[in-house]
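Before any comments, here is the structure.
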């Protein structure tokens, strides 16, 4: 399991854009999780800061590997912000940055190009699911459908995508300092305090009738 971690760290330093895919020969860092709130099945990973990053996907993946996903982040209330990177490193791929704003949670699509506050990323879109999103005295949690998180890039940079037939190295980062303007989805924030590159087995995150279930959640209906 250590070899993919090393490869991913090097890719991050070099600014590569493709996720690291490995055959199913290593024990993944993720585990299966069935969410009682949404009814979705996720691949789930918990960081050493007790931040949980979960991914759910459809059971039928199209040949072009362009499909919607669901991201769920659960973080201790004293975490300033928590970010998830779909490409296995923190640069040149879609990010989802979450933070608490009083009794609400903000989820901002970003893309990073270096060690400064990442700008907005317009090629991905998050639709926050009310069921599965909340703030309480100890944690904040956000659950959202992402369109544009399974495939990214262009002819000049190359097309990257997530193929759940392989184990996939994804990435996360977090900062203990609050963002500058919590009510602003475009708020700037400081550099991360820590990051990681867990290996996910997304085969366990497949959901039958995914589109129907997510559409019902978007509409606020019971699944």
On alpha carbon coordinates alone, what is the Rg over Rh value for region 100-151, Rh being the Kirkwood radius? 1.03
As a percent rounded to 5, the proportion of antiparallel DSSP bridges among beta bridges in the chain is 95 percent
Working from the pairwise distances between different alpha carbons, so that the mean of 1/r is found and then inverted, what is region 2-218's Kirkwood radius in Å? 17.1 Å
If I take all pairs of Cα atoms in region 76-184, what percentage of them are more than 24 Å from each other? 25 percent
Compute the separation of the alpha-carbon centres of region 185-217 and region 103-120 and state it in Å as a whole number. 14 Å
Over region 2-218, what is the mean sequence separation of C-alpha contacts under 8 Å (at least six apart), divided by residue count, expressed as relative contact order in percent? 28 percent
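Quick check on the chain: helices-only [θ] at 222 nm, where DSSP H runs of length 4 and up contribute -39,500 (n - 2.57) each and the sum goes over total residues. Nearest 500, please. Write down the numbers at each step before the final one.
Working: 2 runs with 22 residues, N = 223.
Here the helix-only value at 222 nm equals -3000 deg cm²/dmol.
Sort 84-96, 138-150 by the packing proxy (mean of other Cβ within 10 Å over each peptide's residues), most packed first. Please report the intermediate quantities before stating the final value.
Numbers: 84-96: 25.0, 138-150: 21.0.
Ranked from most to least packed, the peptides come out as 84-96, 138-150.
Every number here is computed from the coordinates shown, using simple stated rules; none is lab data. Since the structure is predicted, the reported quantities are computational estimates derived from the model, not experimental observations. Ideal geometry is used to build each Cβ from the backbone, glycine not excepted, and the neighbour counts take in all protein chains shown.
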